[in-house]
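Asker: One structure coming up, written as C-alpha cells, with questions to follow.
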Amino acid sequence: GITILKLAIRNLIEYKQWRWAIFTRDNFTCQICGKRGARIEADHIKAFACIVNENNIKTLEEARVCSELWDINNGRTLCRKCHLKTPNYGRPKIKI
C-alpha cells in the first residue's frame, strides 16, 4: 500500500528535481527498450522502499537530507511497459 510518508516524499521538490535529472540525462528514452516519446517514468534501481527503510527515514526532513534517495546514479528512465516488468514496481518488499 501507499503510505502517507511515501506520497509526501514523492511530492517534495527534491523528488521532482531527481526525476527531471534522470529524464534529461537519459534523453527522455527508456533505458530498457529504447522507446522515446512514450509515457516515461523514473525508476529507482535500488528500491525506493529499501532506501527509506535502510536509512530509517520517518520524516520529510530526514528524506530531504538522504543523499541516497536523490542519487541520479540510482535512477533510470523507463517507459510504463518496461517499468511494470521490474521486480519492485508497485510491490515494495518493505512496507513504508
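Asker: Hey, among the residues in the stretch 75-96 that are at pLDDT 95 or above and touching a Ser or Thr at 6+ places or on another chain (Cβ under 8 Å), which one's nearest to residue 20 (Cα to Cα)?
Answerer: 77
Asker: Starting from the stretch 34-56, take each residue that is closer than 17 Å to residue 16 by Cα and touching a residue at least 12 places away in the same chain (Cβ under 8 Å) and list its partners that are part of a helix (DSSP H, G or I) and not polar (S, T, N, Q), counting only C-beta distances under 6 angstrom and pairs at least six apart or across chains.
Answerer: Short answer, once both residue conditions are applied: 39/80; 41/83; 42/19; 42/22; 43/83.
Asker: Within the stretch 58-71, does at least one residue satisfy the condition of being among the polar types (S, T, N, Q), in a helix (DSSP H, G or I) and open to solvent by 80 Å² or more (accessible area, probe 1.4 Å)?
Answerer: Taking the stretch 58-71 first, the residues among the polar types (S, T, N, Q) are 59, 67.
Add one more test, that the residue is in a helix (DSSP H, G or I), and what stays is none.
Scanning the stretch 58-71 turns up no residue that is among the polar types (S, T, N, Q), in a helix (DSSP H, G or I) and open to solvent by 80 Å² or more (accessible area, probe 1.4 Å).
Asker: Right, something else. Do you know which residues across the stretch 21-45 are assigned to a loop (DSSP other than H, G, I, E, B) and surrounded by 14 or more Cβ atoms within 10 Å (Cβ to Cβ)? I'd like the intermediate steps shown before the answer.
Answerer: Taking the stretch 21-45 first, the residues assigned to a loop (DSSP other than H, G, I, E, B) are 26-28, 30-35, 37-39, 45.
Matches in the stretch 21-45: 26, 28, 30, 31, 32, 35, 38.
Asker: Quick one: in the stretch 46-57, of everything that is of a type in the set (A, V, I, L, M) and not in a loop (DSSP other than H, G, I, E, B), which residue is farthest from residue 6 (Cα to Cα)?
Answerer: To start, the set of residues in the stretch 46-57 that are of a type in the set (A, V, I, L, M) comprises 47, 49, 51-52, 57.
From what's left, not in a loop (DSSP other than H, G, I, E, B): 49, 51-52.
Details: 49: 8, 51: 11, 52: 9 Å.
Among those that are of a type in the set (A, V, I, L, M) and not in a loop (DSSP other than H, G, I, E, B), it is 51.
The values are calculated or read from the model by the stated rules, or taken from the named source; none is laboratory data. This is a predicted model, so every value here is computed, not measured. Virtual Cβ from ideal backbone geometry, glycine too; neighbours counted across all protein chains shown. SASA here: full protein model, heavy atoms, side chains in, ligands and nucleic acids out. Shrake-Rupley method; radii C 1.70, N 1.55, O 1.52, S 1.80 Å.
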